[in-house]
Amino acid sequence: MAEGVRPDMQIAVIACEIMKAEIEAAKGGDARIRTFYVDQGLHRTPSLMAGRIQEIVARVDGIVDCVVLGYGLCSNGIVGVGAGLQEMIVPRCHDCIGFFLGSPQAYLDDFHSRPGSYYLTPGWIAERKDPLSIIEDEYVPRYGRETAEWAKKEELKHYTHIVLVDTGVADLAPMREIGRRNAAFFGMSYLEIQGRSREFFSRLVHGPYPEGEFITIPPGGEITQALFIG
């Protein structure tokens, strides 16, 4: 699959809903590509993620020519997912930030240059997964405001930057306001960067799938943690 997909191939892309806008933009009107999106909330229960993805793999087994996962290793959430009768393509990323920045290496470079970064993307903001929204939606109902705010500040005490990644699929103005509000509340610096997500998501949907960026699981094989090492 390193050279991409043939014009007649049917592809199933199974991805986290957090990247739906970017994948649909890359897909365009290509009728060969079927897209399936999985609830982002499964990241809180990664032990359930593989089973949900496997259900969709089973639904398309023998119907498509290739399955592509829009997931990184994600806290081992995809470990154990098995390919069916067709190959499975998996990005060689530990989490999805590499998708939005353009490649696994781009993420590593950015991480090493600024290790205390909390990244926000259009999908994360739309799903109210910025820190302040998490406080309001998840922590306050469980703990009360004072404890909720203290707990989130403790979780993020080693972070230094709120980084908004412009993926080119949404209006930056409202996202910028949310990003800056988070940075001010948590005493972080605010930064915007231009992601190269269009290039990565185009490769995810259409190929090619170079070995340095993607893992090819043969028919009948399964995803293991060891595949992401090195």
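Report yes if Ser47 is assigned to a loop (DSSP other than H, G, I, E, B) and either touching a residue at least 12 places away in the same chain (Cβ under 8 Å) or out of contact with any strand residue (DSSP E or B) (no Cβ under 7 Å at 6 or more places or on another chain) (or both), otherwise no. Spell out how you get there, then give the answer.
Numbers: assigned to a loop (DSSP other than H, G, I, E, B): no; either touching a residue at least 12 places away in the same chain (Cβ under 8 Å) or out of contact with any strand residue (DSSP E or B) (no Cβ under 7 Å at 6 or more places or on another chain) (or both): yes.
For Ser47, the condition - assigned to a loop (DSSP other than H, G, I, E, B) and either touching a residue at least 12 places away in the same chain (Cβ under 8 Å) or out of contact with any strand residue (DSSP E or B) (no Cβ under 7 Å at 6 or more places or on another chain) (or both) - is not met.
Can you find even one residue in the range 62-83 that is of a type in the set (A, V, I, L, M), in a helix (DSSP H, G or I) and not assigned by TED's automatic domain parsing to the domain that holds Pro115? The answer is no, given that none of the residues of the range 62-83 is of a type in the set (A, V, I, L, M), in a helix (DSSP H, G or I) and not assigned by TED's automatic domain parsing to the domain that holds Pro115. Of all the criteria given as (1) surrounded by fewer than 21 Cβ atoms within 10 Å (Cβ to Cβ); (2) under 30 Å from Ala58 (Cβ atoms); (3) not assigned by TED's automatic domain parsing to the domain that holds Gly28, the one not satisfied by Glu87 is (3). It is to be established whether one or more residues within the range 97-104 are buried (at least 23 other Cβ atoms within 10 Å of the Cβ), more than 18 Å from Gly195 (Cα to Cα) and outside the structural domain of Tyr139 (by TED's automatic domain parsing). Within the range 97-104, not a single residue is buried (at least 23 other Cβ atoms within 10 Å of the Cβ), more than 18 Å from Gly195 (Cα to Cα) and outside the structural domain of Tyr139 (by TED's automatic domain parsing). Evaluated against (1) over 20 Å from the mean Cα position of the chain (by Cα); (2) at positive phi, Gly168 falls short on exactly one condition, (1).
Of all residues in the range 20-71, those satisfying the criterion of being in contact with a helix residue (DSSP H, G or I) (Cβ under 8 Å, 6 or more places away or on another chain) and of a type in the set (Val, Ile, Thr) are Ile23, Ile33, Thr35, Val38, Val67, Val68.
Inside the range 32-42, residues that are at pLDDT 90 or above and either aliphatic (A, V, I, L, M) or not in a strand (DSSP E or B) (or both) make up a count of 3.
In the range 14-37, the qualifying residues are those that are of a type in the set (A, V, I, L, M) and within 18 Å of Pro122 (Cβ to Cβ), and the one that is surrounded by the fewest Cβ atoms within 10 Å (Cβ to Cβ) is Ala25. The residue that is modelled with the highest pLDDT, counting only those in the range 135-170 that are of a type in the set (Asp, Glu) and touching a Pro at 6+ places or on another chain (Cβ under 9 Å), is Glu155.
The values are calculated or read from the model by the stated rules, or taken from the named source; none is laboratory data. Please read these numbers as outputs of a predicted model, since none were measured by experiment. Note that we place each Cβ from the backbone using ideal geometry, even for glycine, and neighbour counts take in every protein chain shown.
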